[in-house]
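**Q** Next up is a structure, given as structure tokens.
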Amino acid sequence: MEEQMESSSSESEDDGMDEEGNNDEESGPKTYLPGQPLQEDEHLICDQSAYVMLHQAQTGAPCLSFDIITDTLGNDRHEFPMTSYLVAGTQASSAHLNNVLVVKMTNLHPTSKANNDEDEESDEDAEDDEEEEDEEKKPQMTFSFIKHQGCVNRIRATNFKNSVLAASWSELGNVSIWNITQQLQAVDEPTLLERYNLDTVSNPVKPLYSFSGHQQEGFGIDWCPTEPGVLATGDCRRDIHIWKPNEGGTWTVDQRPLVGHTSSIEDIQWSPNERNVLATCSVDRTIRIWDTRAAPHKACMLVAENAHEKDVNVLSWNSKEPFIASGGDDGCLHIWDLRQFPTSTPVGTFKHHTAPITSVEWHWTEPSVLASAGEDNQVALWDLAVERDDEEVVDEELKNLPPQLLFIHQGQTDIKELHWHKQIPGVIVTTAHTGFNIFKTISV
């Protein structure tokens, strides 16, 4: 299925957002900060100059979880137009209407338009050329479906033995592993996609493996980056199970859950560098570090008690430095140094979000940069290496913002997840009840 994406949004906002209105005292646009009241004659417009790229996409039923697929187009990509592949899971109104979506976003152009310096062209010719150019630059989205029983609470992808796999948590309490290699081939080739859509009507795709041993549904799920095919899943009861791949294309799930948490597991993150080590966070307000080589009742090695004042929702493990970032229902973003972890004291705290934090992720190559998203409909980009310069002249309205806050992106309602693209530096994809955004700012 192929659909048009929008190349930009008049409702998207950032910290270069302009606020327009009939103001006698001030002429021209003003910078808008989230939470500020708008006058009756004021409206928000997106400052396109703050973005290198900005696109929107809709998928019908909202996708509250997704992952960016590592593709074969190369690393460290900077050239436009760009292409990105995603796997996402829907939250439809009825359980039987849900799907795993394999998505290809392509023809992603930058926000700035090429200047037309042909002075000899007539206005009419120039207008025709501009329309033709706009048509050529329209971004495209193609996707293939896999029927999924129940809403997809969370989904994560990995590359394993020349295939691309996706693991999905269902609201019905099952975790399934899907081979999405065929679907990725289909979104690349229209004739294959047509054939795939016809075939799956009578012959629905089945998962490679499903596990129904969790006592409740859950959200915690992560593929191990250092040991291919190894998976960890955590449920709303408090149980964490470790999966290991077998030769025959199935998995062995340890029926003995890791013992430690006393309430729902909200997020799981394997260490990016150390095998067998993972971090979890919970409604019990703790963050725990585990060594899965130990017996399940002894595997919890480190605990940060009362890590947040309320539920701890999300975690991200820095790939370059011994830091973990966490976000909670208290709206706080905490930075933890694993060398000082047992003190239960974060080395950094940022209170910018005004509602629960729903997603946090470190940049893959810039160890001081991370992004956070919250129920306050903001995506915030941070650089923890920045310090305030007392001599710098700062706008009166901006002086109360943390100096580490680089950028605020808005325009989506109820943002659920964000991910940096590992192969396209600075590109972020976000999902919300109102759809997807894919963008790159001038700040990162």
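The values are calculated or read from the model by the stated rules, or taken from the named source; none is laboratory data. Keep in mind it's a predicted model, so treat the numbers as computed, not measured. Counting neighbours? That spans all protein chains shown, and the Cβs are built from the backbone with ideal geometry, glycine included. Accessible surface areas use protein heavy atoms only, side chains included; no ligands, DNA or RNA. Shrake-Rupley method; radii C 1.70, N 1.55, O 1.52, S 1.80 Å.
**Q** Of all the residues that make up region 166-175, how many are open to solvent by 10 Å² or more (accessible area, probe 1.4 Å) and either closer than 16 Å to residue 251 by Cα or small (Gly, Ala, Ser) (or both)? Even if it seems obvious, please write down each step before you answer.
**A** First pass over region 166-175, keeping only residues open to solvent by 10 Å² or more (accessible area, probe 1.4 Å): 171-172, 174.
Now drop any that are not either closer than 16 Å to residue 251 by Cα or small (Gly, Ala, Ser) (or both), which leaves 174.
Here the count works out to 1.
**Q** Yes or no: residue 222 part of a strand (DSSP E or B) and among the charged types (D, E, K, R)?
**A** Yes.
**Q** Something else now. Anything in region 354-365 that is touching a strand residue (DSSP E or B) at 6+ places or on another chain (Cβ under 8 Å) and in a loop (DSSP other than H, G, I, E, B)? List them, or say none.
**A** Across region 354-365, the qualifying residues are 354, 355, 356, 363, 364.
**Q** Is it true that residue 285 is assigned to a loop (DSSP other than H, G, I, E, B), charged (D, E, K, R), at pLDDT 95 or above and open to solvent by 40 Å² or more (accessible area, probe 1.4 Å)?
**A** Values: assigned to a loop (DSSP other than H, G, I, E, B): yes; charged (D, E, K, R): yes; at pLDDT 95 or above: yes; open to solvent by 40 Å² or more (accessible area, probe 1.4 Å): yes.
Answer is yes for this residue.
**Q** Separate question: For residue 229, all conditions in the list (1) modelled with pLDDT of 95 or more; (2) more than 18 Å from residue 67 (Cβ to Cβ); (3) not polar (S, T, N, Q) hold save one; what is the number of the exception?
**A** (2)
**Q** If you check every pair at least six apart or on different chains, which have Cβ atoms under 8 Å apart with a residue in region 142-165 that is among the polar types (S, T, N, Q) first and a residue that is assigned to a strand (DSSP E or B) and surrounded by fewer than 16 Cβ atoms within 10 Å (Cβ to Cβ) second?
**A** Pairs found: 142/2; 142/3.
**Q** I'd like to verify a number: residues in region 213-252 that are surrounded by 14 or more Cβ atoms within 10 Å (Cβ to Cβ), in contact with a Gly (Cβ under 7 Å, 6 or more places away or on another chain) and over 23 Å from residue 273 (Cα atoms), how many?
**A** 5
**Q** Can you report the number of residues in region 401-443 which are of a type outside the set (Asp, Glu), out of contact with any Pro (no Cβ under 8 Å at 6 or more places or on another chain) and not in a strand (DSSP E or B)?
**A** Residues that pass the stated criteria total 15.
**Q** Given the criteria open to solvent by less than 20 Å² (accessible area, probe 1.4 Å) and small (Gly, Ala, Ser), does residue 50 qualify?
**A** Working: open to solvent by less than 20 Å² (accessible area, probe 1.4 Å): yes; small (Gly, Ala, Ser): yes.
Answer is yes for this residue.
**Q** Would you check if there is a residue in region 110-117 being at pLDDT 95 or above and open to solvent by less than 20 Å² (accessible area, probe 1.4 Å)?
**A** The initial filter retains those residues of region 110-117 that are at pLDDT 95 or above, namely 110.
Of the ones still in play, those that are also open to solvent by less than 20 Å² (accessible area, probe 1.4 Å) are none.
No, there is no match, as no residue in region 110-117 is at pLDDT 95 or above and open to solvent by less than 20 Å² (accessible area, probe 1.4 Å).
**Q** Looking at 144, 163 in this structure, which one is of a type in the set (S, T, N, Q) and open to solvent by less than 20 Å² (accessible area, probe 1.4 Å)?
**A** Numbers: 163 fails: open to solvent by less than 20 Å² (accessible area, probe 1.4 Å).
From the options 144, 163, the qualifying one is 144.
**Q** On the basis of being part of a strand (DSSP E or B) and farther than 18 Å from residue 386 by Cα, does residue 319 make the cut?
**A** Taking the combined requirement at face value, the residue does not satisfy it.
**Q** What pairs come out if I take residues in region 77-99 that are over 12 Å from residue 110 (Cα atoms) and free of Cβ contacts under 8 Å to residues at least 60 places away in the same chain and pair them with residues that are among the aromatic types (Phe, Trp, Tyr) and not in a loop (DSSP other than H, G, I, E, B) whose C-beta lies under 8 Å away, six or more apart or interchain?
**A** Short answer, once both residue conditions are applied: 99/145.
**Q** Considering only region 298-310, state which residues are farther than 19 Å from residue 257 by Cβ and crowded, with 20+ Cβ neighbours inside 10 Å.
**A** We begin by selecting, within region 298-310, every residue farther than 19 Å from residue 257 by Cβ; these are 304-310.
304, 307, 308 - these are the residues of region 298-310 that are farther than 19 Å from residue 257 by Cβ and crowded, with 20+ Cβ neighbours inside 10 Å.
**Q** Now for a separate question. With 345, 354 as the choices, which residue is β-branched (Val, Ile, Thr), out of contact with any Gly (no Cβ under 9 Å at 6 or more places or on another chain) and either closer than 24 Å to residue 283 by Cβ or open to solvent by 10 Å² or more (accessible area, probe 1.4 Å) (or both)?
**A** Residue meeting the stated conditions: 345.
**Q** In region 260-272, what count of residues is obtained for those that are under 11 Å from residue 317 (Cβ atoms) and either in contact with a Lys or Arg (Cβ under 9 Å, 6 or more places away or on another chain) or of a type in the set (Asp, Glu) (or both)?
**A** Total satisfying the criteria: 2.
**Q** Any residue that is more than 21 Å from the chain's Cα centre (by Cα), modelled with pLDDT of 95 or more, part of a helix (DSSP H, G or I) and within 30 Å of residue 140 (Cβ to Cβ) - is there at least one of those in region 195-213?
**A** Yes.
**Q** Right, here's the next one. Might you let me know whether region 383-391 holds any residue that is within 28 Å of residue 221 (Cβ to Cβ) and either open to solvent by less than 30 Å² (accessible area, probe 1.4 Å) or among the aliphatic types (A, V, I, L, M) (or both)?
**A** yes
**Q** Then there's this: Answer with yes or no whether residue 321 is in contact with a Pro (Cβ under 8 Å, 6 or more places away or on another chain), open to solvent by 30 Å² or more (accessible area, probe 1.4 Å) and acidic (Asp, Glu).
**A** Criteria met by residue 321.
**Q** Something else about it: State whether the residues of region 342-350 include one that is assigned to a loop (DSSP other than H, G, I, E, B) and under 20 Å from the mean Cα position of the chain (by Cα). Don't jump to the end; show me each part of the working.
**A** In the first step, residues of region 342-350 are kept if they are assigned to a loop (DSSP other than H, G, I, E, B); the result is 344-347.
Checking the rest, the ones that are also under 20 Å from the mean Cα position of the chain (by Cα) come to none.
No: zero hits.
**Q** Still on this structure: Please verify whether residue 70 is within 15 Å of the chain's Cα centre (by Cα) and open to solvent by 40 Å² or more (accessible area, probe 1.4 Å), treating the condition exactly as stated.
**A** For residue 70, the condition - within 15 Å of the chain's Cα centre (by Cα) and open to solvent by 40 Å² or more (accessible area, probe 1.4 Å) - is met.
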